[in-house]
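Have a look at the structure below, then the notes.
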Amino acid sequence: MNSPIVRLLPLLIAVATVPTTWANEREINDPVKSGEYIFNMGGCASCHTAKDDQPLAGGLPMETPFGVFYTPNITPDKSTGIGDWTNADFIRAMTKGEAPDGNHYYPAFPYTSYSKMSRQDLLALKQFLDKQTPIAAKNKSHELSFPFNIRPLMTVWKLVNFDSTPFQTNRKKSPAWNRGAYIVNGPGHCVECHSPRNVIGGIKTDELLTGNPKGPEGEAVPGLTMANDNRVSQWSDEDLLFSIQIGMTPDGDFLGGSMGHVIENSTAKLSEEDLKAIVEYLRDTES
């Protein structure tokens, strides 16, 4: 027996039995708890864990048209992880895409979205990561083709493709809409997979969330706007909420591929309040 329902049964049980404190975790005056919630919002475990017995130690291969990227160790190990990073180092990496030594990160690390995050959320996330088990695991070198293996060229890439402006509240929209916009465009980094990219890997900002025919792992990623050719435009709010909460579509199918990991490690762990905010934003985007 290996049906989709059987494979997703543990997730369904987890969703049904999860504590109701989810909705209040962001309001608790505990930065580590808040950081854990932000960690789940970003789905950090999906990309930074290659081996179950080495959580967050990195090493996960990410195949792209430019070569293979390997995710880094983000445990607090001082020699191979981020244990020696200061708060300033962490914020610089997350919002500027720069390592403590000044080198530029490649945008396989979605700092292009994390730059929209608030300083409070970033510091809470770091406090949570600092509490994790340190694991000594050296980062693997990327396997990139020429000229993408010339890291200093990222300076030019950023000039063309990177807007580091923090998230700006739209005062014409509701608080829930703005919360959804913050999650989708910031820590949740939904735009990274659900938007098409140009020939040098930059997000086409005038086509946000319209879908990506060449997404992660070579799979086509659907659009999330309300355009008629996107199937989510035919779903009710309840359908959309249910799909990102447990991964089931209105026709009884299950979302698989990369989205399956997103649901398991991210959206299934968010409060219903935040999920509804995401739905409200998607229902009323400007794309």
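The values are calculated or read from the model by the stated rules, or taken from the named source; none is laboratory data. What you are looking at is a predicted structure, and each value in this text was computed from that prediction instead of being measured. When we count neighbours, we look across all protein chains shown, and the Cβ atoms used for this are built from the backbone with ideal geometry, even at glycine.
Just one of the numbered conditions (1) farther than 30 Å from Gln245 by Cα; (2) surrounded by fewer than 18 Cβ atoms within 10 Å (Cβ to Cβ) is not true of Ala137: (2). Taking region 78-97, which residues are over 17 Å from the mean Cα position of the chain (by Cα) and crowded, with 20+ Cβ neighbours inside 10 Å? Matches in region 78-97: Gly81, Ile82, Trp85.
Taking helices (runs of 4 or more DSSP H) as the structural unit, those lying wholly within region 145-254 and holding at least 1 residues that are surrounded by fewer than 18 Cβ atoms within 10 Å (Cβ to Cβ) and either among the aliphatic types (A, V, I, L, M) or free of Cβ contacts under 8 Å to residues at least 40 places away in the same chain (or both) correspond to 154-161, 175-185, 237-246.
Screening Tyr70 on (1) in contact (Cβ under 8 Å) with a residue 40 or more places away in the chain; (2) under 17 Å from the mean Cα position of the chain (by Cα); (3) more than 15 Å from Glu143 (Cβ to Cβ) shows it passes everything except condition (3). In the set Leu255, Leu270, Leu240, only one residue is modelled with pLDDT under 90 and aliphatic (A, V, I, L, M); that residue is Leu255.
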